[in-house]
Structures are given as C-alpha cells and as structure tokens.
Amino acid sequence: MDISKHYCSQVCLALLFLSDTAAGGVLTLLMRLNGAAIALHLPATTGLLPQIVTTHELPAANALLATARSGAVMMEAALAGILVAGVGVGMTLLIDALSFGLSAWLIASLKPVPKWSLSLRAYGRIFALAGNPSFAIAGSGVSLRSSLC
C-alpha cells in the first residue's frame with residue numbers, strides 16, 4: 001500500500017533528522033520513495049472509492065474527497081511551518097509519519113459495499129435479499145442496505 005511506504009519513509013526521515021545524521025544521498029532516496037508513494041495514492045483512491053460507496057453516492061463522495069484534499073493542501077504548509085518553528089524538523093516529520101500511519105489504519109478499516117448492494121442501488125430495484133437486510137425509503141425508490149455496510 002502506498003500510504004505504508006510513505007509512512008516508513010517519513011519515519012526514516014524523522015529519525016535521521018532527530019539523530020542529526022541526515023545526509024544528502026539518503027534524503028534523496030527517501031524523498032524519491034515518498035514521491036513514488038504519492039504518485040500511486042491518487043489512482044489508488046480513485047479505484048477504492050467506488051468499492052466503498054454506492055454508484056448513487058459516488059459523485060457526492062468524490063466532491064467531499066476533493067474538498068477535504070483542497071482543505072488539507074491549504075493548511076499543510078502553515079501547520080508545518082508552525083510545527084518546525086515550535087518543535088523542530090525531526091519532530092514535525094515524526095508527527096507527519098504518525099498521521100500517515102493513522103491514515104493507513106483508517107483506510108484498512110474500510111469495508112467494501114457488497115456487489116449486490118451496488119447493483120441494486122444503481123438500478124433502483126430490489127432483485128434479491130441477502131443476510132439481514134434493512135429497507136430505507138430514499139427519494140423516489142426503496143433501497144436495500146446490507147447489514148455488512
């Protein structure tokens with residue numbers, strides 16, 4: 001997973017700065033690993049989102065994700081500057097690494113929407129019942145949610 005690679009490289013960067021052993025070659029290698037992890041993140045997110053929300057909810061989920069991403073980009077530089085001034089580069093990188101670790105744990109805890117639920121909601125009809133379903137009136141039709149969601 002790309003987030004775990006980013007987490008590991010950020011921990012290594014933090015440890016290098018905290019121990020005052022940061023060297024140019026090692027920093028370059030770790031930043032290349034960070035770049036590769038970031039490059040894989042957007043396509044992975046694009047592929048994951050349709051698995052955790054229904055087809056009907058996908059546009060709203062994409063909008064929410066884009067809004068959250070834009071908000072994070074606006075705040076990250078300011079927060080990083082405050083942290084570097086307050087606790088130093090090494091601790092700032094360690095806090096960053098911990099945030100990636102938390103992110104990886106939260107993503108790993110996501111459960112995909114069952115395939116039958118996606119197809120049922122996409123067509124707005126109930127074709128089959130499975131497990132212990134619950135019915136909800138949503139807009140003009142009835143949708144089926146699995147108890148696994």
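Once both labels are positioned 7 Å from their Cα atoms along Cα-to-Cβ, the gap between Ile52 and Met75 label points is 1.8 nm. Taking a ≥ b ≥ c as the square roots of the eigenvalues of the Cα gyration tensor, segment 1-64 is classed as prolate, since a/c reaches at least 1.5 and a/b is larger than b/c. For segment 10-20, 3J(HN,Hα) computed residue by residue from phi via the Karplus equation (6.51, -1.76, 1.60; θ = phi - 60°) reads 5, 4, 4, 4, 4, 5, 4, 6, 5, 8, 6 Hz, glycine and proline entered as x. Take 7-17, 90-100 and order them by the average number of nearby Cβ atoms within 10 Å per residue, most first; the result is 7-17, 90-100.
Given R0 = 25 Å, the distance between the Cβ atoms of Ile82 and Ala61 translates into a calculated FRET efficiency of 0.20. Length available on full extension from Thr21 to Ala108: 0.36 nm per residue minus the Cα-Cα distance, which gives 28.0 nm.
Where a number appears in this text, it was derived from the coordinates with a stated rule and is not lab data. Predicted model, so just to flag it, every value in this text is computed and none were measured. FYI the Cβ positions are ideal-geometry reconstructions off the backbone, even for glycines, and counts take in every protein chain you see.
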